[in-house]
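What follows is one structure encoded as structure tokens, with my remarks underneath.
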Amino acid sequence: MTAPADASPIEERVGHYYQMDGTYLVGREKVREYARAVQDYHPAHWDLAAAAELGYSDVVAPLTFTSAPGMQCNRRMFEEIVVGYDTYLQTEEVFEQHRPIVAGDELLIDVELTSVRRTAGRDFITVTNTFTDTAGERVHTLHTTVVGVTADDIDAGVKIAVQKAMMHDMNILDIGGSDDHYEKTVRPEGEIRISEGGSTRTPGTPSFDDVKVGDELPVHHTRLSRGDLVNYAGVAGDANPIHWDEDIAKLAGLPDVIAHGMLTMGLGAGFASAWSGDPGAVTRYTIRLSQPAIVSAKEGADIEYSGKIKSLDPETRSGVVLVGAKSGGKKIFGLATLNIRFR
């Protein structure tokens, strides 16, 4: 049967699933390294005593920490399964924190193509990572949505330039795999147990009785330099040269080097936890990107973060916080919300 004209040729691959080889061991220095990369200096990421005061068994990972191992596990998906594109642009991210991840956790990571939708001639592709601990409980779920871009949308010279600039084991803009010998594998049937550890610990946030709808978070400005981008690229494993090479960024149709979308998200999560007092109190973080943050070689970039309590739920003693981010006078978050538990 021929697919409808408005359908994506990879829609039939939705549901494709695989699991990473072995497990991912969360180390203290990896947690601290990532926290430094996203300029998150909450003591619970760094100090055992501070983490213990909040009820953690070890230093706690920043909310967006899972994006780093997730990216490495997703490489196979974008090299072999999701084919026909020359590069991808990140558009939306959803972090579901069922319980906070701490140093010492040993995690299994699953990868699944969960959605493909075609809008205005573009394919929006969602890949979901699930992180399961050795007790068999899912502790974190990460949904990444990208738009597939073909060579028709970018300068043909960008692929050659990237091949010369990238690390030898990575080639982000030369990835379209082959349809040859494709065989779909799906998630095995079985019970999925979601960890309830995040809801049993008393959070170190303000009392629910002391917050109200409309309360504003103090505005915070974060500076980014090209050095920050290079450091984040190494820590997170996202070495796409549009984040550090001006010529390649312009070949890709950008005005200059741009900050990683995940980096701006990590900065936003740290902004919120500095206000709430407890990075593990967030149960869901959803971000839709609207504009990139331009980081010039001379001036760098300033990102202004702001926030406001949108709604409160007395039954669960939780609330939804809107997070705003602006750079160069433009909104870089189209919409960003955090669901936070209060004491």
- [ ] Report, to the nearest 10°, how far helix 28-37 tilts away from the longest principal axis of the Cα atoms in the chain, using its own Cα long axis and a range of 0 to 90°.
- [x] 70 degrees
- [ ] Calculate I(q)/I(0) for the chain by the Debye formula, one identical point scatterer on each C-alpha and no solvent, and give its log10 at q = 0.12, 0.14 Å⁻¹ to two decimals.
- [x] -0.89, -1.21
- [ ] Would you mind finding the longest exposed-site-free stretch of the chain, with exposed GluC sites (Glu not before Pro) meaning DSSP loop and at most 14 other Cβ atoms within 10 Å?
- [x] 1-182
Task: Integer Hz, Karplus 6.51/-1.76/1.60 couplings in order for the range 252-259, x for Gly and Pro - done: 7, x, 9, x, 5, 4, 10, 6
Open item on the list: Using only the alpha-carbon atoms of the range 69-145 as identical scatterers, what base-10 log of I(q)/I(0) does the Debye formula give at q = 0.11, 0.16 Å⁻¹?
Closed with: -0.32, -0.63
- [ ] For each pair in Lys184/Lys331; Lys250/Lys298; Lys30/Lys184; Lys30/Lys308; Lys30/Lys250; Lys30/Lys212, compute the distance between the two Cα atoms and list the pairs where it is over 28 Å.
- [x] Lys184/Lys331; Lys30/Lys184; Lys30/Lys308; Lys30/Lys250; Lys30/Lys212
Open item on the list: Taking the full set of protein chains and a 1.4 angstrom probe, give the accessible area of Tyr88 in square angstrom, rounded to the nearest 10.
Closed with: 40 Å²
Open item on the list: Starting from the 7 Å offset along Cα-to-Cβ, what nm value, one decimal, do you get for the label separation of Asp47 and Leu254?
Closed with: 3.6 nm
Task: Straight-distance crosslink candidates among aspartates and glutamates, where the alpha carbon sits under 12 Å from Lys326 and sequence neighbours closer than 8 are dropped - done: Asp302, Glu304
Open item on the list: I'd like to check one number: the per residue accessible area of the chain, probe 1.4 Å, reported in Å² as a whole number.
Closed with: 46 Å²
- [ ] Apply 1/(1 + (r/R0)^6) to the Cβ-Cβ distance of Leu312 and Ile194, taking R0 = 22 Å, and write down the FRET efficiency to the nearest 0.05.
- [x] 0.40
TODO: Report the full-extension gain for the segment Thr119 to Ala239: residue separation times 0.36 nm, less the Cα-Cα distance, to one decimal in nm.
DONE: 40.4 nm
Open item on the list: Taking 0.36 nm per residue of sequence separation and subtracting the Cα-Cα distance, how much length would be gained by fully extending the chain between Leu89 and His181, in nm to one decimal?
Closed with: 30.4 nm
Open item on the list: Can you give me the long-range amide H partners of Thr283? Hydrogens built in the peptide plane at 1.01 Å from N, cutoff under 5 Å, separation of 5 or more residues or another chain.
Closed with: Asn339, Ile340, Arg341
Open item on the list: Out of the total accessible area of the range 272-343 (probe 1.4 Å, heavy atoms of protein only), what percent is carbon and sulfur?
Closed with: 48 percent
- [ ] Starting from the amide H of Gly328, placed 1.01 Å from N in the peptide plane, find each other amide H under 5 Å away whose residue is 5 or more places distant or on another chain.
- [x] Asp302
Task: In sequence order, calculated HN-Hα J values of the range 224-238 (Karplus, 6.51, -1.76, 1.60; Hz; x Gly/Pro) - done: 10, 10, 4, x, 4, 5, 5, 5, 5, 4, x, 5, 8, x, 10
- [ ] Could you size up the charge dipole of the chain around its Cα centre, putting +1 on the beta carbon of Lys and Arg and -1 on that of Asp and Glu, and report it in debye to the nearest 20?
- [x] 860 debye
Task: Placed amide H near Gly334: partners under 5 Å, 5+ positions off or other chain - done: Arg288, Leu289, Ser290, Gln291
- [ ] Give me the percent of the accessible area of the range 27-87 that comes from carbon and sulfur atoms, probe 1.4 Å, all protein chains in place.
- [x] 51 percent
Open item on the list: I want the local charge near Thr126. Using Cβ-Cβ distances under 9 Å, sum +1 for each Lys or Arg and -1 for each Asp or Glu among the other residues.
Closed with: 0
Task: Chain lengthening between Glu79 and Ala135 when straightened (0.36 nm per residue, less Cα-Cα) - done: 17.0 nm
Task: Inter-site label distance for Leu108 and Arg36 at 7 Å from Cα along Cβ, in nm - done: 3.4 nm
- [ ] Using R₀ = 35 Å, calculate the FRET efficiency as 1/(1 + (r/R₀)^6) where r is the Cβ-Cβ separation of Asp21 and Glu216; round to 0.05.
- [x] 0.15
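The values are calculated or read from the model by the stated rules, or taken from the named source; none is laboratory data. Because the structure is a prediction, the values reported are computed rather than measured. Because the Cβ atoms are built from the backbone with ideal geometry, glycine has one as well, and the counts that use them run over all protein chains shown. Ligands, DNA and RNA are stripped out before the accessible areas are found, and what is left, the full protein with its side chains, is counted by its heavy atoms. Shrake-Rupley method; radii C 1.70, N 1.55, O 1.52, S 1.80 Å.
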